[in-house]
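J.: Just dropping this structure here.
Readers should treat all values here as calculations from the given coordinates under stated rules, not as data from a laboratory. As the structure is a computational prediction, the values presented were derived from the model and not from experiment. Note: ideal-geometry Cβ built from the backbone for every residue, glycine included; neighbour counts use all protein chains shown.
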Amino acid sequence: MHTKGPWQVMKEYFIVKDSGVIAKTYIGPPPDKKTEEIWKDNARLIASAPELLEACKDALDKVNSGSFPNTIKRLEQAIAKAEGRDI
């Protein structure tokens with residue numbers, strides 16, 4: 001069982017739910033700019049996990065039942081959050 005979403009990124013590296021830290025994507029100060037960007041990308045991906053899981057479950061249910069209302073939109077939104085984009 002996992003902490004229910006939505007999760008948010010706080011201070012670039014912390015993943016939080018209702019002001020409680022769920023995870024962090026760093027151990028110490030980033031050694032370089034590239035590592036810092038990777039940690040930020042990791043934080044966004046982790047924070048999107050609940051939406052990605054729910055969208056995948058919904059898509060599987062819809063595929064199995066032959067019904068697709070809002071499924072594509074939910075998948076697009078979850079993927080955009082994981083990639084740090086707004087849609």
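J.: Under 6 Å between Cβ atoms, at least 6 apart or on separate chains: pull out the pairs that start in region 58-87 with a residue that is over 24 Å from residue 47 (Cα atoms) and end on any residue that is not in a helix (DSSP H, G or I).
T.: Filtered contacts from region 58-87: 62/68.
J.: Additional query: Limited to region 30-63, what total is found for residues that are loosely packed, with under 13 Cβ neighbours inside 10 Å and among the hydrophobic types (A, V, I, L, M, F, W, C)?
T.: Step one: list which residues in region 30-63 are loosely packed, with under 13 Cβ neighbours inside 10 Å, which gives 31-35, 37, 57, 60-61, 63.
With the extra rule that they be among the hydrophobic types (A, V, I, L, M, F, W, C), the set shrinks to 60, 63.
Residues in region 30-63 being loosely packed, with under 13 Cβ neighbours inside 10 Å and among the hydrophobic types (A, V, I, L, M, F, W, C): 2 in total.
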